[in-house]
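The numbers here are math on the coordinates, done by the rules we state, and not lab data. Model, not experiment: these values are computed from the prediction. With ideal geometry, Cβ positions are generated from the backbone for all residues, glycine too; neighbour counts draw on all protein chains shown.
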Amino acid sequence: MFNGKWLIGMTTVAALAAASVLWAQAPAPGSRPARGERARQFLLTYLGLTDSQKTQAKGIFDAARAQAAPIAAQLNQGRTALRDAVKAGKPDTELDALATQQGALMGQLAAIRAKALAKMYPMLTPEQKDKLDQLRGFVRGRFGHGP
């Protein structure tokens, strides 16, 4: 019923959802906050960050968002190119090359996210680290990645 491709797809969806926490754009004044912004706010509240920690985290994640922006644009272009190649009936080798490019870009985003979290983690108190670890365990369990 669930094969390896399904698992890879779900892992990708989970990774992109998690990445949106880090790179969500701030909502326009008066508009409903974007999903990524709501998730980021939840995380900051859940961890109980101090104002100083929030300021540090904002700086870390703003820098990561700026670094990720051109890669995200390339990902969007790549998705379009891949979709167009499928519609045009391009050969498997071309589809493989386009998909490989997408994978490399997603890997770059994952590295940016990991580096941002690595900068944030040391500023957390032991209690906040425990909360974050518990939240990660919950998310992994929800997406079928073990307890």
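Listed by chain and number, the lysines whose C-alpha is less than 21 Å from the C-alpha of Lys131, apart from same-chain residues fewer than 8 away, are Lys54, Lys58, Lys115, Lys119. Each of Arg136 and Met123 was given a label point 7 Å from its Cα along the Cα-to-Cβ line. The distance between the two points is 1.8 nm.
The Cα center of the stretch 35-73 and the Cα center of the stretch 79-105 differ in position by 32 Å.
The stretch between Ala111 and Ala85 holds 6.6 nm of extra length on full extension. This uses 0.36 nm per residue minus the Cα-Cα distance. The stretch between Asn76 and Ala63 holds 2.6 nm of extra length on full extension. This uses 0.36 nm per residue minus the Cα-Cα distance. For the stretch 39-147, the spherically averaged projection of the C-alpha convex hull amounts to 8.5 nm². Put a dot 7 Å past the Cα of Ala99, heading toward its Cβ, do the same for Leu43, and the two dots end up 2.9 nm apart. Working from Cα pairs under 8 Å separated by at least six residues, relative contact order for the stretch 38-137 is 43 percent. Positive-end ranking of Ala88, Thr125, Ala110 along the dipole of the stretch 78-140, with charges on Cβ about the Cα centre, is headed by Thr125.
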